[in-house]
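The structure appears below as structure tokens.
Just so you know, all these numbers are worked out from the coordinates, no wet-lab data involved. Not measured: the values here are computed from a predicted model. Virtual Cβ from ideal backbone geometry, glycine too; neighbours counted across all protein chains shown.
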Amino acid sequence: MKNEREFALRLCRHLDLAAADLAPATAQRLRIARENALAHAAAAPLRIGLAGGGFASVDELVPALRAIAAVAALALAAGGFSYWKSLEQASEFAEVDTALLADELPINAYLDQGFPQWLKRSAPE
């Protein structure tokens, strides 16, 4: 690494010395070429470094992110449907409880051990 750094420093010194001797027209063309190169570099796709896996561009990751978003939306929908069904079932239980409590049956009938079997037999199908 030390050799690479020394090489880079020497190269920069040589380029600086050579740039001082350039004609103004050549310097202008080099400036325009540099601006064009920087404009193209800014348009280059964003790349993300993956730990131990090289690099991936954002364009490669977008389909994976779409798939993850689709799976998350599906899981959220399934959870919402399950919650809605549990609320619906609780509402049905509340209706049955209200009907039983509003009936003219004495409270001792509810405490009878055979009452659940009677409910199962008399429930409409």
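Below is a table of values for the structure above.
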item: Radius of gyration, Dmax [segment 67-125; alpha carbons; angstrom]; result: 19.0, 59
item: From phi via Karplus (6.51, -1.76, 1.60), per-residue ³J(HN,Hα) for segment 75-87 in Hz, x at Gly/Pro; result: 5, 5, 5, 5, x, x, 5, 4, 5, 4, 5, 5, 5
item: Fewest-first sequence of Glu104, Glu35 by Cβ atoms within 10 Å of each Cβ; result: Glu104, Glu35
